[in-house]
Structure formats: C-alpha cells, structure tokens
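Report on one structure; see the data block that follows.
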Amino acid sequence: MSPVILSAAGAALVLDDPDPQWGLPRVRHFGAALGPVSGAALLPALASPAPPLLPAQGDSWYGRPGLSGGRDGDQWPVRWSLDRLDADTVSGSGGTVTITASDARAGLGLVCELVMDGGGLVRMRHAVTNTAASPYRVDGLVCALPVPGRAAELLDFTGRWALEKVPQRAEFRHGVWSRENRRGRTGHDGTGLLVAGTEGFGFRGGEVWAVHAGWSGDHVHYAERLPEGVSLLAAGELLEPGEVVLGEGESYRTPWVYFTWSGAGLDDAGARLHGHLRARPLPVRPVTLNNWEATYFDHGLDRLLELADRAAAAGIERFVLDDGWFRHRRHDRAGLGDWYVDEGVWPDGLHPLADRVRKLGMQFGLWFEPEMVNPDSDLAREHPDWILGRAERMPPPQRHQQVLDLARPEAYAYLLERLDALVGEYALDYIKWDHNRDIAEPVHAGVAGVHAQTLATYRLLDELRGRHPRLEIESCSSGGARVDFGILARTDRVWTSDSNDALDRQAIQRWTGLLVPPERLGCHVGAPHDHVTGRSLPLAFRAATALFGHMGVEWDLTSASQAELEELATWIALHKRLRPLLHAGRVVRADHPDRSALLHGVVLPERAVYAYVQLTSRTDLVPGPLRLPGLDPDAVYEVRVAGPAPERAALPAWAVPADGAPVRLPGSVLGELGLPAPALRPASALLVELEKV
C-alpha cells in the first residue's frame with residue numbers, strides 16, 4: 001500500500017498505510033515538504049522507527065499511551081485494527097484524512113481526523129466509542145505527532161497573574177516533559193504552545209515543531225523521547241478519574257489539537273497559527289476604552305459621561321462599561337450572579353450612558369462574569385445548589401466568589417436569559433466576558449466537573465452569538481488566563497494581561513503573539529502611574545506598545561492634561577492609519593543581539609512598520625544596527641520615522657534627512673546590513689515605517 005501525504009505551504013505530513021489487520025497508520029514524517037514525490041517512492045525512506053497515530057503498547061510503543069482507560073474488573077489492552085482510511089488530499093493545498101479503527105475484544109471503536117489547511121497547519125482530534133455493554137472509563141486521550149532527533153531543545157511558557165507567557169527553555173532529553181493544568185481554565189501558567197526545535201532556534205532561524213491544545217479547561221501538553229529513537233509532541237484534555245465514563249454506544253471526542261512546523265524559526269510557525277484564526281474574518285477593530293482603571297466601582301453618571309466625551313474627542317471608537325453596573329456590586333465581595341442593572345445607581349438603567357456614547361459616535365459594550373457567583377448575592381441565596389461543588393461543603397473561595405455550575409440546566413437557562421435580555425435591551429456591540437478565578441473542587445452530579453463546565457460555557461457562548469450574530473465578545477480571565485483556540489473559536493479577542501505596564505507588556509505581547517495575531521490581542525494604553533506595578537512610564541512608550549495589537553485605553557482621561565489628550569489623539573490617529581497593515585500583515589521579530597532592546601514589526605507586500613524598543617540601559621555605547629526582517633530583498637523601500645520620536649533620542653541621519661526626502665534602500669540591504677540604530681533612553685520606542693517604491 002502507498003503512504004498518504006498531506007502537503008501545503010512548504011510543510012508535509014506522511015502516514016503509512018498499514019495492513020488493515022494490524023494497527024493504526026504510523027506518522028512517518030511531519031516537517032518540511034518532500035517535493036513532487038509519490039507515496040510509493042517514499043517507501044525505502046520510511047524504515048526509521050515511528051509512533052502509531054494513537055500510541056499504544058499493542059503497537060510496541062512503551063511510552064505514554066495515547067488512550068488510557070478501562071473497565072472495572074475486565075482489563076483488556078487495546079490493539080486496534082484498521083477498518084477504513086479515507087484521504088482527500090491535493091498536493092500543495094493540504095487535505096483531510098479520516099481513519100476508522102476498532103478492537104472488538106476491547107469493545108472500542110476509534111475515529112481519527114487529521115486536517116492540514118492551506119497554510120500547512122495540522123489539526124487533529126480523536127473520538128473513542130464504547131461498543132460493549134459494560135461502561136468504559138476514559139482516563140485520557142491525546143493527539144501526538146513525532147519530531148526528529150535533531151529537535152534538541154524545548155521551549156514552553158509559564159506565568160502568573162499580570163505576568164503571563166514567561167518563556168523557559170530546556171534540553172530535550174529522554175523521558176517526559178509534561179505541562180499539566182488543573183485550574184479549570186487555560187491558566188496564567190498554561191503554556192499555550194510547547195515547542196521543540198533544533199539547537200539555538202530563534203524567531204528567524206532554526207527548525208521548530210509546536211503543539212497547542214485548543215481547549216479552555218484542564219489540559220496537558222508534553223514532549224517525550226524514548227531510547228528507541230522516537231520523540232513526539234502531544235496534547236489534549238486532562239481528565240480526572242471518572243469524569244468521562246461511556247455507556248454502550250457513547251463516545252468521547254477530544255478537542256482539536258494543533259501542530260505547526262517551521263524551517264525558518266518561530267515567526268514562520270506562528271504565522272501558520274495566525275492563518276488559522278484569520279480564516280474567520282473580523283470587522284475593523286475599534287479603538288476601545290475600558291473604564292475599569294479609570295473609575296473602578298465608582299459609577300457616577302456625570303463622571304462616566306465626561307469620560308465618554310474625552311474618549312470620543314481623542315478618537316476612541318468603543319466605550320466599555322466594566323464591573324460595577326449590576327445589583328449590589330459596590331465592591332468585589334457581592335453581586336456576582338445578579339445580572340440586573342442596579343436601580344439604585346442607575347435609576348434610568350444604562351440608557352443615559354449608552355445613548356450618549358452612541359451620540360458621540362462610539363459603540364457600547366458591557367462587562368460580565370457569567371460563570372461566577374458571589375455567595376453574597378440574591379442568586380446564591382436563592383439557589384445555593386447551583387454552585388459547582390459538593391453540596392456538603394463550599395469549595396475554597398477565591399476573590400470572594402464561587403463558580404456557577406453551567407452544566408446544570410437551570411443555571412444555564414438563567415444566564416442565557418439574562419445575557420440575551422441585556423444584549424437586546426441595550427443593543428450591545430460588545431461583551432467583555434471575564435473569568436476571574438481558578439476552579440477548585442469542581443464536582444457536577446457527583447463526578448469531576450471541568451469537562452462538563454467547559455462544554456457548557458462553549459454552548460452558552462455559541463447560543464448567545466447565534467441570537468446576536470453581530471455581537472463581539474472578548475475573552476478575559478483575570479487577564480490572559482483563558483487564551484486558547486477553543487475559546488477563540490467563539491470570541492473575537494483576548495485580554496492579554498491585567499497588567500498595562502508597557503515594559504511588562506512588551507514581553508507578554510511578544511510571546512502571546514506567537515499563538516494569537518495582533519488584531520485579537522487586547523493592548524491598552526494604561527495610566528501614567530501603572531496600577532499593577534506602580535511604575536511610571538511616558539505616554540509615547542505606553543502608546544507605542546499598545547499600537548501593535550487591538551489598541552485601547554484604560555486610563556482616567558478626566559485626569560489627563562490637554563497636552564496628554566492631544567498626544568494620545570495623535571497616537572490613536574496613527575494606529576488607525578496603520579490598522580490595515582497591523583491587523584493583516586505578517587508578524588516578524590528580529591533575533592536582536594542586544595538583550596536590552598527588542599525589534600519587531602508587521603509586514604505586508606507593499607508596506608511594513610517596525611518598533612525598535614529600548615527596554616533597559618544598553619551595555620554598548622553604540623547600539624547595533626536594525627536589521628529589518630521579513631522584507632522583499634528585491635524591492636526598494638522608502639524609510640521614515642512613524643509617529644512622534646521619543647524624547648531625548650539621538651536619531652541617525654536616515655531618521656532626520658537634511659533635505660526632508662526619505663531614504664530609499666533595497667530590502668536586501670535593510671535585512672542584511674540594516675539601519676543605524678537610534679540611541680534611546682530606557683522605556684522608549686521608535687517606530688519605523690517602510691513603503692515599497
């Protein structure tokens with residue numbers, strides 16, 4: 001039989017086609033495209049050890065099994081027989097493969113789906129069905145693809161509240177490197193991506209493979225290397241004992257798991273992931289003001305109206321009213337779950353504010369935290385049994401709140417009715433959907449409940465959007481604790497972090513941006529004195545940082561000076577001008593040798609914009625050149641400074657040409673020799689704009 005080849009955008013995946021009586025296909029290759037070669041011609045090259053599509057001991061795999069589970073009192077190891085392999089492939093355009101297998105003695109059926117899109121991104125999921133009369137307990141089911149032995153290093157991410165996506169690297173050694181998350185949400189420390197690569201790989205160089213579980217509940221990512229010469233990356237949902245038990249004829253299907261490969265570093269791998277999200281188009285991303293750090297729980301109408309007036313004058317296009325508008329919510333210890341406008345604070349409802357916002361030409365949005373409830377709320381007092389957990393005791397509290405059991409039909413119906421009613425009454429354009437705590441001791445109907453809770457959340461989002469197709473939804477989870485392709489299939493952006501500190505945000509956005517493209521990353525201009533870190537930073541630096549995403553403002557503009565408002569308006573106007581580029585172009589990051597600085601940008605065929613960011617003081621007296629990645633080497637570009645130059649910057653001649661005419665240079669020169677760098681003070685940035693001549 002002939003192997004099956006999926007190929008697109010320079011990537012390829014090769015499956016052998018085994019004897020139907022023995023085992024699943026083995027993944028013989030995932031990496032670079034192999035050129036115009038038939039599957040049969042590859043047979044002599046496919047003798048190296050390779051894992052089966054779903055690793056199991058029955059296929060002589062002695063690492064972690066792809067499927068783990070069993071029946072009480074009747075342990076029978078699974079050994080799959082291939083029933084059917086359907087492939088629909090077009091060379092260079094990807095395709096799909098569906099594999100059906102079974103084990104009659106074990107009483108199980110299996111369906112494996114693989115899809116390679118036109119950008120070379122692979123997604124995979126498995127479904128296991130119990131075909132026997134006795135219940136089958138699914139303890140784990142993951143998706144895995146092999147990586148070659150030359151993948152010598154691992155990169156993953158950790159983090160905490162207000163400091164997400166902190167990178168950490170290690171040698172890829174024998175054994176398992178596992179990142180397991182049991183927080184009931186993706187987690188501040190959720191890795192998002194687990195990357196394997198050749199030694200020293202970076203943004204622009206080296207060969208890399210990466211895996212991402214598109215799931216918003218408990219999950220696992222792991223890398224495994226065996227002495228037999230086989231290595232793999234795997235991911236999937238992390239199930240607690242007894243969480244999924246299948247009766248006869250019932251099935252469990254994994255979430256989609258995404259695999260990306262690049263022969264040219266992390267940027268290329270990230271571009272494939274971005275392409276998947278960009279396949280679902282978005283409307284123009286309005287510059288957004290969120291009032292949280294401006295007013296917190298102080299919802300005086302006059303103050304909010306003044307804030308809206310100043311926002312509109314600065315060019316802001318959407319006004320979002322955050323926490324504090326609903327009943328009993330004068331602080332964070334009460335009211336969650338009581339989703340009715342507080343009549344004491346808003347005697348005329350939210351209409352006076354919403355009407356003014358729209359009269360000023362802005363959209364109107366509202367904050368919710370639907371999955372949570374305060375014990376001090378009408379809802380909790382009336383329905384204590386709706387709290388996710390055992391009836392005999394309350395789960396450990398966090399942030400004075402508990403989790404509402406969305407898998408309970410009555411709780412689900414209440415939330416849907418309240419959300420639907422409020423979106424309809426106020427014609428909401430936007431919801432900031434928050435989730436502010438880890439889920440502890442989740443018990444639903446006597447079993448572990450994260451799986452059911454996550455699926456119910458997805459259903460709620462899907463049904464609400466079905467009723468209001470033009471509604472946009474932001475996924476916020478005390479910042480960036482729910483950033484994954486599962487939630488992003490149902491939302492339009494993520495709140496990247498609760499920290500608006502521009503220095504911390506440079507790194508947070510840089511690494512979150514491997515998975516998520518700029519137009520889906522909420523990036524706001526914070527207050528001059530940051531509310532989280534206490535650091536004071538200049539407006540130009542805060543704005544230049546927020547510019548490279550879905551830009552917004554989280555700052556009390558009623559306290560800003562006229563000069564600050566005018567400067568902010570200049571930056572917002574610049575963002576709007578660059579928005580078609582920033583939200584459609586290819587993200588590039590230089591492997592800049594100076595660790596005190598960053599160089600990153602966004603590139604389209606005809607134009608590009610870069611930010612040279614000085615984070616801390618330089619060691620060298622003279623900064624190294626700015627080698628601009630991602631340009632067409634055969635094209636000529638006009639080069640100019642975009643936006644206001646940083647204060648007290650020593651600018652090179654190209655940035656302030658004597659005759660006023662912009663410098664023109666080929667892409668080959670800009671990429672190889674680069675431009676002389678400005679000498680910047682710490683916490684400052686210079687934007688460089690290029691246009692093809």
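The table that follows gives values for the structure above.
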quantity: Alpha carbon centroid spacing (whole Å) that separates the range 121-149 from the range 646-693; calculated: 52
quantity: Straight-distance crosslink candidates among lysines, where the alpha carbon sits under 27 Å from residue 359 and sequence neighbours closer than 8 are dropped; calculated: 432, 576
quantity: Shape of the chain, Cα gyration tensor, a/c cut at 1.5; calculated: oblate
quantity: q = 0.09, 0.18 Å⁻¹: log10 I(q)/I(0) that the Debye formula gives for the range 478-591, counting C-alpha atoms only; calculated: -0.23, -0.92
quantity: Burial order of peptide ranges 576-589, 383-396 (average beta-carbon count within 10 Å, highest first); calculated: 576-589, 383-396
quantity: Helical contribution to [θ] at 222 nm, DSSP H n ≥ 4, -39,500 (n - 2.57), averaged over the chain, rounded to 500; calculated: -5500 deg cm²/dmol
quantity: Relative contact order for the range 271-414, counting Cα pairs under 8 Å that sit 6 or more residues apart, in percent; calculated: 21
quantity: Percentage relative contact order, the range 223-276, counting C-alpha pairs under 8 Å, at least six apart; calculated: 21
quantity: The chain, relative contact order [Cα under 8 Å, separation at least 6], %; calculated: 10
quantity: Order of 240, 519 - criterion: other Cβ atoms within 10 Å of each residue's Cβ, fewest first; calculated: 240, 519
quantity: Centre separation in Å (Cα based) which lies between the range 183-253 and the range 47-92; calculated: 17
quantity: ³J(HN,Hα) computed for each position of the range 117-133 - Karplus, 6.51 cos²θ - 1.76 cosθ + 1.60, integer Hz, glycine/proline x; calculated: 7, x, x, x, 7, 9, 10, 9, 8, 10, 10, 10, 10, 7, 9, 9, 6
quantity: Interchain or long-range residues, amide H under 5 Å from residue 319's placed H; calculated: 289, 363, 364, 365
quantity: Under Karplus coefficients 6.51, -1.76 and 1.60, residue-wise ³J(HN,Hα) of the range 236-250 in Hz, glycine/proline x; calculated: x, 6, 9, 9, 7, x, x, 5, 10, 10, 9, x, 4, x, 8
quantity: Gain on full stretching of the segment that runs from residue 170 to residue 390 - 0.36 nm per residue minus C-alpha separation; calculated: 75.2 nm
quantity: Local net charge near residue 579, Cβ-Cβ under 9 Å (Lys/Arg +1, Asp/Glu -1); calculated: +2
quantity: Two-site label geometry, residue 664 and residue 161: point separation in nm, points 7 Å out along Cα→Cβ; calculated: 5.6
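Rule-based calculations on the coordinates, nothing more; no lab input. These figures come from a predicted structure and were not determined experimentally. A quick note on method: Cβ atoms are made from the backbone with ideal geometry, for glycine too, and the neighbour counts reach across all protein chains shown.
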